[in-house]
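Bear in mind these aren't lab numbers, they're just calculated from the coordinates by the rules spelled out. Source: prediction; values computed, not measured. Neighbour counts run over all protein chains shown; Cβ positions are idealised from the backbone, glycine included.
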């Protein structure tokens, strides 16, 4: 892969599913070598997803990419503190970096005999996607951290989560998959589910889409009995009073974040501020605490934080001011 032109062709072939395993391994190694390589991959992938499904159309995407790049550069010049810039590109780069470093390292080295521990982090303002050695797919939400081990002699697959993650667990009957949170463990053989377990939050939520999962006691909390969830159910654990609630939910409300989409149904402004700080990587200060009691319903996808606040201020009696990297929310 000597030139960017040939690299582009390989990236598009990969996205179209036309690369051999050897070529795919070579591409991942190239991506993992530098942030610039990962950024270049992310840019091409964005264009491909937006307008291209056939490598033969790539000549058209060159023009589109030039326009896109010029628009982003113009945004950066005119928007203070980068608050106006959509988080989409940041999310793509973070996701590709984590996946590339992981896969690149696994290609270069054999899986070790003794357990080797890894930590993956999605900083505030980013959403990361990664593939574990067992082919389990993990989406890591902003401000989250996951720890896991790889090794030949592990009897079960275990991860420790601080934050929020969506799991598509690969089925391995001989090796159950366990998610450790600060309060309880989630055990599964193969399924799709979401766990929201930020250490600083007062509640832990586990939402099941497909299959079956079981919440069990952990080292820090003893449950009266194990709780098994069915698809469409959510387990909520209140850390302040150690109470557990299981209820039916619309799972899209709790999993759409992995597709860079957020749905709010009568969310308190207090909760909304925490969510926006994580999603956009900004600091938000609320001058009048009465504002925190407001509630908001709506949907956002690719809006920047300021675009979203402009929408909210037409619904709620608020205004905002920017000081450096901080957004101050005030009453109108």
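Below, the figures for the structure above:
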| item | result |
| --- | --- |
| Neighbour-count ranking [beta-carbon atoms within 10 angstrom, fewest first] of 253, 245, 308 | 245, 253, 308 |
| FRET efficiency, residue 117 to residue 6 (Cβ-Cβ, R0 30 Å, nearest 0.05) | 0.25 |
| Rounded, prolate or oblate (a/c below 1.5 giving rounded, otherwise prolate when a/b exceeds b/c) for the stretch 157-270 by Cα gyration tensor | oblate |
| Alpha-carbon radius of gyration plus Dmax, which is the widest Cα pair, for the stretch 261-331 in Å | 11.0, 31 |
| Centroid-to-centroid separation of the stretch 130-197 and the stretch 317-332 [C-alpha atoms, Å] | 38 |
| Theoretical gain in end-to-end length, residue 295 to residue 238 [0.36 nm per residue, Cα-Cα removed] | 18.4 nm |
| Additional length obtainable on full extension of the chain from residue 247 to residue 20, 0.36 nm per residue less Cα span | 77.1 nm |
| Global geometry of the stretch 197-254, whether rounded, prolate or oblate, following the gyration tensor of its Cα atoms and the 1.5 cut on a/c | oblate |
| Where labels lie 7 Å past Cα in the beta-carbon direction, separation of residue 283 and residue 315 in nm | 2.8 |
| Packing-based ranking, highest mean first, of 124-131, 294-301 given that Cβ atoms within 10 Å are counted | 124-131, 294-301 |
| Two-site label geometry, residue 221 and residue 203: point separation in nm, points 7 Å out along Cα→Cβ | 1.3 |
